[in-house]
Amino acid sequence: MVPRDPARNDVTIEVQATGSLSGPWTSIATSANGAPFTGPGYVTGDAADAGLKLVEIRDVVNITAASQRFLRLRMTH
């Protein structure tokens, strides 16, 4: 679960995934300028209305298809 506050409209939040810590990292869900998350990893929990959201993001690679996976949050202001 990733928290998102629509009132914080001066940040970009990216959820990124990779099979190796050295990368390359791929964005699977992004929220920019207070907007709801979009992308293939977004599952549920987000909306354009006010108030704190707990957003579910999942990796786009099935757990049986990879020996290891890593996720990270990348936030820019």
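Here the chain is treated with +1 on each Lys and Arg Cβ and -1 on each Asp and Glu Cβ, and its dipole about the Cα centre works out to around 200 debye. Calculated on the Cα set of the chain, radius of gyration then Dmax: 12.8, 39 Å.
Residues in region 10-25 carry Karplus couplings, in order, of 10, 10, 10, 10, 10, 9, 10, 9, 7, x, 9, 4, 7, x, x, 8 Hz; the curve used is 6.51 cos²θ - 1.76 cosθ + 1.60 with θ = phi - 60°, and Gly or Pro positions show x.
Fully extending the segment from Ala50 to His77 would add 7.7 nm, taking 0.36 nm per residue of separation and subtracting the current Cα-Cα distance. Note on Val15: accessible area approximately 10 square angstrom, rounded to 10, probe 1.4 Å, nucleic acids and ligands left out. Put a dot 7 Å past the Cα of Val61, heading toward its Cβ, do the same for Thr38, and the two dots end up 2.5 nm apart.
The values are calculated or read from the model by the stated rules, or taken from the named source; none is laboratory data. Note that the coordinates shown come from a computational prediction; the quantities given were computed from them, not determined experimentally. Neighbour counts are summed over all protein chains in view; Cβ atoms, including those assigned to glycine, are modelled from backbone coordinates with ideal geometry. When the accessible area is computed, the model is the full protein with side chains, heavy atoms only, and any ligands, DNA or RNA have been set aside. Shrake-Rupley method; radii C 1.70, N 1.55, O 1.52, S 1.80 Å.
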